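Let me begin by presenting the structure, written as structure tokens, before commenting on it.
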Amino acid sequence: MNQNTRTRSFPTRRDVLRILAVGGAAGAAWKLGLLSRTPAPSVTRSRGLMGTEVNLTVLGDDPDAAANAADATLQRMSELESRLSRYRPDSDVSQLNSTGRIEGAPDALLDVLELAERISRLGDGAFDITIQPVLELYRGHLRARRGVPTGEALERARASVDHRGLRIDHGTVTLGRPGMSITLDGIGKGYIVDRGVAVLHERGFANVFVEAGGDLVAAGDKGSGIPWRIGIRNPRPGLALQARFDARNNAVATSGDYMQPFTPDYTQHHIVDPRTGYSPPELASSTVTGPDAATADALATLTLVLGPQKGRELLEDLPGCEGYFVSKNLEVTRTSGFSVV
């Protein structure tokens, strides 16, 4: 859609279910290795992007073409990071957070914001990219060694949080509340992975593996019809791998309390329930498969907030989506279609 004619619409939950049921191939949760009994020729690349390491594997009969495609993919992902990262002072997200408004927003930003709004409405506000003021408050307290914020300071930060205050009108994005700012940490990485995979597909490569710090794309297979073998990390250190599953044309993402803990006991961490201002109490990790990596990324965050039962119920209603949830005491809940090996 042309950015000059795009206007934010607010879909119903039924609309969201229909929209999220449509999608392409994509990612996974923790790479185990890419060797097979009969490996196809492959090209691999690694680069630091988005605060993590991105790893690509491209299978094809022409190594030069595969290498060129891998390099073009990383270049495209780097370009998108420069627009969507809140850590880059010249990015579109930083401009929006600084001024509260951006005109002629690029399609990439509009795409991510519109998907984020669908997920927010699907989860009744349990996923909200305007949570940034609360996260900044947490990080400020931690830097000052003041512990977890509570009381009036937390309530003031929460007053700026409401996804319904973010507006899009003909390519202009506006933050409608004082002090409002956004973070795309729970959705942007998956979107960038998707766009990288799109570059590989456009160049004729169907069997590819793209991994970016918990968001992975396993498209096609490893050759000879052998699926990609994926593992789910145990959320507690020193313990064996939680589970394994096979992926072929899947998008999977994992969110976990262990990724950026704010407290040693993992009770408070970088995923905060926008409705309370505190981290959700039930789950240690949530792994979600979905139609694309951006959707899986956002749904992993959402279901971690919702907890195992509500998260499972939500995913059971979404065709093409499955979930594997690990509680704080390492009990497992999974959707009916999530098969482990």
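A short reminder: the numbers here are calculations on the coordinates, not readings from a lab. Computed from a predicted model, the values in this text were never measured in an experiment. Cβ atoms come from the backbone with ideal geometry, glycine included; neighbour counts cover every protein chain shown.
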### Query
About the Cα centre of region 92-236, what is the dipole size in debye to 20, counting +1 per Lys and Arg Cβ and -1 per Asp and Glu Cβ, all else neutral?
680 debye
### Query
Using Cα-only point scatterers and the Debye equation, what is log10 of I(q)/I(0) for region 253-304 at each q in 0.15, 0.24 Å⁻¹, rounded to two decimals?
-0.38, -0.85
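Rounding to the nearest 20 debye, state how big the charge dipole of the chain is about its Cα centre with +1 on each Lys and Arg Cβ and -1 on each Asp and Glu Cβ.
On the way: 39 positive and 40 negative charges, 123 e Å.
Once rounded to the nearest 20, the dipole reads 600 debye.
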### Summary
At q = 0.10, 0.12, 0.13, 0.14 1/Å the base-10 log of I(q)/I(0) from the Debye formula over the alpha-carbon atoms of the chain is -0.57, -0.83, -0.98, -1.14
### Message
Tell me whether region 238-341 comes out rounded, prolate or oblate; compute the Cα gyration tensor, take square roots of the eigenvalues as a ≥ b ≥ c, and use a/c under 1.5 as the rounded threshold.
### Response
prolate
### Query
Computed FRET efficiency, Cβ-Cβ of Asp64 and Tyr87, R0 45 Å: what is it to the nearest 0.05?
0.85
